[in-house]
1. Condition first: among the charged types (D, E, K, R) and touching a strand residue (DSSP E or B) at 6+ places or on another chain (Cβ under 8 Å). Now tell me which residues in the stretch 41-56 satisfy that.
2. Return the residues of the stretch 50-59 that are open to solvent by 100 Å² or more (accessible area, probe 1.4 Å) and of a type outside the set (Lys, Arg); say none if nothing qualifies.
3. I want to confirm something. Restricting to the stretch 8-21 and keeping residues that are outside any helix (DSSP H, G or I) and not polar (S, T, N, Q), which single residue is modelled with the highest pLDDT?
4. Please find, among Glu24, Glu5, Glu29, the residue that is loosely packed, with under 10 Cβ neighbours inside 10 Å and outside any helix (DSSP H, G or I).
5. Look through the stretch 32-46, keep the residues that are in contact with a Leu (Cβ under 8 Å, 6 or more places away or on another chain) and open to solvent by 70 Å² or more (accessible area, probe 1.4 Å), and return whichever of them is nearest to Leu74 (Cα to Cα).
6. Which residue is modelled with the lowest pLDDT, if the candidates are limited to the stretch 66-81 and must be within 16 Å of His43 (Cβ to Cβ) and in contact with an Asp or Glu (Cβ under 9 Å, 6 or more places away or on another chain)?
Amino acid sequence: MSSQEEILSDGRFSRITRDPRFWEMPEKERKVKIDKRFRAMFHDKKFKLKYTVDKRGRPVNYTSTENLRKFYALSESDSDLSEGDSKEHTEKKKKKKKGKLKGQTDS
């Protein structure tokens with residue numbers, strides 16, 4: 001750590017601390033925000049690839065969905081809606097199933 005302090009105290013490199021090009025990107029801004037239309041890519045089988053080796057040939061045990069979660073995030077307004085939508089969607093399915101069962105017994 002002392003070497004970094006020496007570098008920052010050196011006059012030749014002092015502008016690095018003030019230059020926004022060299023600042024770290026905040027955690028909130030690192031991920032690309034996507035809306036609810038694309039939320040299926042997190043759980044759809046079409047987007048899931050199982051990796052056995054990395055680009056250098058070393059064995060790994062992860063899937064592409066982990067990478068998707070690393071680089072993409074649902075926007076806050078859409079993530080709240082998506083949770084509500086999924087609850088409403090399951091309730092509608094239950095109602096349809098109950099309706100079908102009643103309709104079948106009447107026939």
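1. Going through the stretch 41-56, the residues among the charged types (D, E, K, R) turn out to be 44-46, 48, 50, 54-56.
If the condition is that a residue be among the charged types (D, E, K, R) and touching a strand residue (DSSP E or B) at 6+ places or on another chain (Cβ under 8 Å), then Lys48, Lys50, Asp54 are the ones that fit.
2. Of the stretch 50-59, the ones open to solvent by 100 Å² or more (accessible area, probe 1.4 Å) are 50, 55-56, 58-59.
The answer is Pro59, and nothing else.
3. Asp19
4. Working: Glu5 fails: outside any helix (DSSP H, G or I); Glu29 fails: outside any helix (DSSP H, G or I).
Only one candidate qualifies: Glu24.
5. Lys33
6. The extreme case among them is Asp78.
The values are calculated or read from the model by the stated rules, or taken from the named source; none is laboratory data. Worth saying up front: this structure is predicted, and the values here are computed from it rather than measured. Quick reminder, even Gly has a Cβ in these numbers, built from the backbone with ideal geometry, and neighbours come from all protein chains shown. Surface accessibility is based on the protein's heavy atoms, side chains included, excluding ligands, DNA and RNA. Shrake-Rupley method; radii C 1.70, N 1.55, O 1.52, S 1.80 Å.
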